[in-house]
Amino acid sequence: MAEPRVSPPRSWGRSTVQTACPLDCADSCSLSVTVERGEIVKIEGNTVAPSTHGYVCPKVKRFDRRVYSPERRL
């Protein structure tokens, strides 16, 4: 049985989510992703991972452009 769809709230707040890089490389960077109204507004490196000390590569720093690209296939 399919679960019913739930409509998103009319106004969402701004929050920062602690997560990890989605790419499959050896660094396993820790990220702080700021989300506002359900969309990514900023991606930064998080200092939680001592191996990267808050560094995040340029391709992940701009990952929101990839997520919201009109060329993205769903």
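Can you give the FRET efficiency to the nearest 0.05 for Arg72 and Val17, using r as the Cβ-Cβ distance and R₀ = 22 Å? Efficiency computed from Cβ-Cβ geometry: 0.60. Using heavy atoms of the protein chains and a probe of 1.4 Å, the accessible area assigned to Val33 is about 20 Å².
The values are calculated or read from the model by the stated rules, or taken from the named source; none is laboratory data. As the structure is a prediction and not an experimental result, all values here were calculated from the model. Glycine also receives a Cβ, built like all others from the backbone with ideal geometry; neighbour counts cover every protein chain displayed. Heavy atoms of the whole protein, side chains included, go into the accessibility calculation; ligands, DNA and RNA do not. Shrake-Rupley method; radii C 1.70, N 1.55, O 1.52, S 1.80 Å.
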